[in-house]
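What follows is calculated from the coordinates using simple rules that are stated; it is not laboratory data. If you're wondering where the values come from, they're calculated on a predicted model, not measured in any experiment. With ideal geometry, Cβ positions are generated from the backbone for all residues, glycine too; neighbour counts draw on all protein chains shown.
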Amino acid sequence: MNFIKPTIRPRRLRKNKEIRDLVQQNNIHKNDIVYPMFIVEGKNIKQAIKSMPDINRLSIDLTIKEIEKLFKKGIKGFALFPYNDISLKDEKGTQSTNSNNLINRAIREIKKQIPECVIFADVALDPYTTHGHDGVCDEKGNVLNDETVEILTKQSIELAKSGADFVCPSDMMDARIINIRNALDNSGFENTGIMSYAVKYASGFYGPFRDAVGSNNLLKGDKKTYQMNPANKKEALIEAKLDVQEGADIIMIKPGMPYLDVISQTKQEINNPVAVYQVSGEYSMLKNMIDSGDLSDDVIMESIICFKRAGADIIFTYFAPQIIDIID
């Protein structure tokens, strides 16, 4: 048997780390990463989130310290989510439009201390409602689109007043982008950006996040009438293109790893920056396996680079502190 030696040897480009680094097609930069954070009332408060190992709710003072530390290391963007006491929640989420609510106070204090950091402020009602939905409901429990959009628009204005760089509607209501953009422009906030959660699937991977913001045990029913069907792909483009037309600056796709094909398709079809959220369930699965020793921590960067390979420009991840040390 005559063995034919290969003349084309792709392994030449994998011979050692130095060569592999030279020919690497995708790289993660510090500027790609946004760190989601959970804020709680009080001072010097650090509350562990049981379902999210190593992730804590922090009071405003400790949040500022953490942002200062990570900003110095090179992370520029921070996404903020409030944990509100049940006494502040009601059927219509009225605290969401309070200029002195937890998240608005936090943004003002953060911007006072670290004005250069980029703040992404969530726009949705689930941290403020007693039923755990992202909008207001009728007597039958149906989430009302237009009534919700009116509240989200007011919430966005208050977040912009507080200093948010981007308001981030994560509710999946129809026409909220055009209404928010119009209201921002008419209120003198034409330079406040909108990052739209345009492609947000009704996913089972959100459980730990709902625990973190205190809505998990409150949710009545599910969110399938407004969040997207995981089986649908073409629908993602309809949502993304519509939000761009209505004035969104950045398009968010959520969750991340189960929807790499959607990230790739969206990036090919729109010119705006595309963000992806490595959501709480993705984080907790990997972190638990790493902590148990069943996976090496190499999976952190492997999971992140796949988003970049698929086309994501911005990556929201709870692994941000580890990533920034790896790529430093």
Next on the checklist: Are there any trypsin sites (Lys or Arg not before Pro) in region 24-109 that are in a DSSP loop and have at most 12 other Cβ atoms within 10 Å? List them by number.
Outcome noted: Lys43, Lys50
Checklist entry - Put +1 on the Cβ of every Lys and Arg and -1 on every Asp and Glu Cβ in region 28-326; which of Asn186, Gly42, Pro230 then has its Cα farthest towards the positive end of the dipole? => result Gly42
Checklist entry - Of all DSSP beta bridges located in the chain, what percent are antiparallel, nearest 5? => result 10 percent
Checklist outcome for this item: Semi-axes in Å, largest first, for region 28-326 (Cα gyration tensor, √(5λ)) are 25, 23, 20
Checklist entry - Going down the list Lys89/Lys140; Lys92/Lys224; Lys69/Lys267; Lys200/Lys267; Lys89/Lys223, which pairs span over 25 Å between their C-alpha atoms? => result Lys69/Lys267
Checklist outcome for this item: Here the net charge surrounding Met257, from other residues whose Cβ is less than 12 Å away from its Cβ (Lys, Arg +1; Asp, Glu -1), is -1
Item to check | Residues whose placed amide H lies under 5 Å from that of Ile55, excluding near-sequence neighbours | outcome: Ile49
Checklist outcome for this item: Per-residue ellipticity at 222 nm attributable to helices in the chain (runs of n ≥ 4 DSSP H, -39500 (n - 2.57) apiece, nearest 500 deg cm²/dmol) works out to -11500 deg cm²/dmol
